[in-house]
Ligand code: FAD
Ligand code: SF4
Ligand code: SF4
Ligand code: SF4
Ligand code: SF4
């Protein structure tokens with residue numbers, strides 16, 4: 001019987017899945033077991049599209065289709081949490097299994113605390129995450145640094161600090177440090193990310209700590225909730241996976257790598273935030289960069305915290321309709337409403353056609369607000385302090401006018 005806090009090595013008992021999986025295939029085997037046995041109605045996960053730079057979200061109801069989703073797409077920069085809110089009614093009427101990186105999971109909590117996702121209906125299988133690479137930049141990087149046609153790459157992986165590509169000619173790896181010093185490598189938000197092991201999911205799965213003859217053949221699983229423990233136990237009893245206790249040496253190595261990644265995150269935060277300057281200098285920099293905005297709304301559409309039916313940026317009293325670039329109020333509204341809850345998922349930057357470093361601006365503010373108020377977004381169900389103060393006032397104001405229009409973030413239905 002597995003229990004919260006256990007750490008095990010796990011692997012699929014299905015030979016076909018083992019070949020396709022990133023490590024031991026435990027993630028896919030667990031999701032498959034859950035779907036086959038109606039523990040969930042559907043699985044939301046990611047699969048390769050036209051090529052390995054094209055990660056697509058998929059909702060799967062036939063367990064046989066799950067094998068196609070095995071494997072890690074490191075150029076998959078998508079975020080699943082907002083999709084659950086947008087297209088699956090927040091999992092209110094369905095039981096859902098979902099694979100989550102740290103940022104997916106944090107987005108889930110931010111939406112759940114605002115009653116936009118029903119976590120009771122969701123099983124989150126977390127995957128550790130050292131970072132992801134923007135697909136467009138990955139293509140340029142492979143062409144320029146690896147001197148390889150990106151279309152010739154059969155497989156990519158991140159291992160022992162290297163980004164490694166596999167072609168007909170063999171493997172080629174370059175250290176992430178070198179790539180990142182030259183403006184390639186992981187997305188800048190990923191470099192600053194400090195949620196490497198998603199322990200607020202039900203299970204946290206990865207390859208760190210898998211050593212010896214199990215290296216590459218097993219998944220390291222940390223049990224993070226009773227829900228996760230139950231799924232692992234049942235899947236093992238049914239023969240869908242096999243497990244053994246994680247070795248002490250493996251646990252130690254995993255801990256050390258996680259610690260090193262957290263330090264690296266601190267280093268990148270210090271560098272990126274210092275370059276942004278402080279006070280007036282920072283404000284001027286943000287105003288200059290956001291002056292390129294074409295008001296396409298991608299940043300708002302993709303952000304897990306922005307989901308209001310009547311977005312204030314569409315209020316003509318605040319932002320003149322049809323004006324491009326919009327006045328700075330367009331961006332100020334977002335900073336005021338959500339910067340205390342930003343989970344640094346990078347979506348607003350990744351999808352911005354004007355290449356405005358939106359995530360950097362928001363993350364820098366979030367970190368300062370966390371220092372001031374102690375609110376850490378994405379890790380539990382605590383609502384942010386600023387949102388509560390502001391939105392309660394707004395709710396009361398609206399109640400006095402007899403309006404039932406509640407458009408601010410926390411209380412929006
Ligand atoms: P599989 O059975 O192969 O299943 C993998 C699951 O991940 C599938 O459900 C698949 O749809 C999903 N998936 C693939 N790509 C993405 C994506 N981009 N976003 C969301 N879901 C995706 N582990 C570590 O220990 N250290 C790391 O540094 C590390 N970095 C990672 C970075 C990324 C971008 C990803 C996606 C994973 C990373 N992992 C890392 C996790 C590791 O690669 C394996 O996913 C994990 O060990 C589970 O292995 P498995 O064989 O059980 O998974
Ligand atoms: Fe992974 Fe963090 Fe980047 Fe999300 S933000 S892809 S969890 S490194
Ligand atoms: Fe402006 Fe970029 Fe946001 Fe589009 S994604 S509205 S261009 S900041
Ligand atoms: Fe993600 Fe940007 Fe929203 Fe922050 S503001 S949660 S980085 S989309
Ligand atoms: Fe718009 Fe603010 Fe709601 Fe985001 S939080 S959708 S900016 S009103």
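Here are a few things to note about the model shown:
- Only residues that are more than 23 Å from the chain's Cα centre (by Cα) and either within 8 Å of ligand 5 (Cβ to nearest atom) or at positive phi (or both) were counted across segment 288-301, and they come to 1.
- For residue 199, the test of being surrounded by fewer than 21 Cβ atoms within 10 Å (Cβ to Cβ), within 16 Å of ligand 3 (Cβ to nearest atom) and touching a residue at least 60 places away in the same chain (Cβ under 8 Å) is failed.
- Within segment 183-199, the residues that satisfy the criterion of being more than 16 Å from ligand 4 (Cβ to nearest atom) and at pLDDT 95 or above are 184, 185, 196, 197, 199.
- Whichever residue in segment 133-148 is in contact with a helix residue (DSSP H, G or I) (Cβ under 8 Å, 6 or more places away or on another chain) and assigned to a helix (DSSP H, G or I) and, among such residues, is nearest to residue 204 (Cα to Cα): 138
- Top-ranked residue in segment 223-240 [being more than 13 Å from residue 37 (Cβ to Cβ) and in contact with a helix residue (DSSP H, G or I) (Cβ under 8 Å, 6 or more places away or on another chain); ranked as surrounded by the fewest Cβ atoms within 10 Å (Cβ to Cβ)]: 223
- Filtered residue count, segment 322-335, keeping only those that are in a loop (DSSP other than H, G, I, E, B), near ligand 3 (Cβ under 10 Å from one of its atoms) and within 21 Å of residue 280 (Cα to Cα): 1
- Scanning segment 298-313 for residues that are in a loop (DSSP other than H, G, I, E, B), within 18 Å of residue 339 (Cβ to Cβ) and more than 16 Å from ligand 1 (Cβ to nearest atom) yields 303, 305, 306, 307, 308, 311.
- Qualifying position, being more than 30 Å from residue 225 (Cβ to Cβ) and at pLDDT below 95, among 145, 115, 160: 160
- Residue within segment 122-132 that is within 16 Å of ligand 4 (Cβ to nearest atom), part of a helix (DSSP H, G or I) and touching a strand residue (DSSP E or B) at 6+ places or on another chain (Cβ under 8 Å) present: no
- Only helices (runs of 4 or more DSSP H) whose full extent lies in segment 172-244 are considered here, and the ones with at least 2 residues that are more than 13 Å from ligand 2 (Cβ to nearest atom) are 176-181, 226-237.
- Matching entry among 115, 145 (being within 16 Å of ligand 5 (Cβ to nearest atom), surrounded by fewer than 19 Cβ atoms within 10 Å (Cβ to Cβ) and farther than 24 Å from residue 209 by Cα): 115
- Residue ID - surrounded by the fewest Cβ atoms within 10 Å (Cβ to Cβ), chosen from residues in segment 26-66 that are more than 23 Å from residue 91 (Cα to Cα) and within 9 Å of ligand 1 (Cβ to nearest atom): 48
- Just so you know, in segment 24-46 the residues that are part of a loop (DSSP other than H, G, I, E, B), within 22 Å of residue 80 (Cα to Cα) and under 22 Å from the mean Cα position of the chain (by Cα) include one that is farthest from ligand 2 (Cβ to nearest atom), and it is 40.
- Flag if residue 308 is within 14 Å of ligand 4 (Cβ to nearest atom) and modelled with pLDDT under 95: yes
- In segment 128-143, the residues that are in contact (Cβ under 8 Å) with a residue 12 or more places away in the chain reach residues that are part of a loop (DSSP other than H, G, I, E, B) and surrounded by fewer than 18 Cβ atoms within 10 Å (Cβ to Cβ) with C-beta atoms within less than 6 angstrom, at least six apart or across chains, in these pairs: 142/148.
- Within segment 295-322, residues that are farther than 19 Å from residue 358 by Cβ sit with their Cβ atoms under 7 Å from residues that are modelled with pLDDT under 95 and surrounded by fewer than 19 Cβ atoms within 10 Å (Cβ to Cβ), at 6+ positions apart or across chains, in these pairs: 309/407; 309/412; 310/405; 310/407.
- Filtered residue count, segment 250-285, keeping only those that are assigned to a helix (DSSP H, G or I), over 30 Å from residue 10 (Cα atoms) and in contact with a helix residue (DSSP H, G or I) (Cβ under 7 Å, 6 or more places away or on another chain): 7
- Failed item, numbered, when residue 362 is tested on (1) in contact (Cβ under 8 Å) with a residue 60 or more places away in the chain; (2) touching a helix residue (DSSP H, G or I) at 6+ places or on another chain (Cβ under 6 Å); (3) under 20 Å from residue 129 (Cβ atoms): (1)
- The set of residues in segment 302-312 that are within 9 Å of ligand 5 (Cβ to nearest atom) and touching a helix residue (DSSP H, G or I) at 6+ places or on another chain (Cβ under 8 Å) comprises 303, 305, 306, 307, 308, 311, 312.
- Test: residue in segment 71-88 that is away from ligand 5 (no atom under 16 Å from the Cβ), in a strand (DSSP E or B) and either in contact with a strand residue (DSSP E or B) (Cβ under 8 Å, 6 or more places away or on another chain) or farther than 17 Å from residue 189 by Cβ (or both): no
- Matching residues in segment 336-390 - criterion: being within 16 Å of ligand 3 (Cβ to nearest atom), at positive phi and surrounded by fewer than 23 Cβ atoms within 10 Å (Cβ to Cβ): 355
The values are calculated or read from the model by the stated rules, or taken from the named source; none is laboratory data. Predicted model, so just to flag it, every value in this text is computed and none were measured. For neighbour counting, all protein chains shown are included, and Cβ atoms are generated from backbone atoms with ideal geometry for every residue, glycine included.
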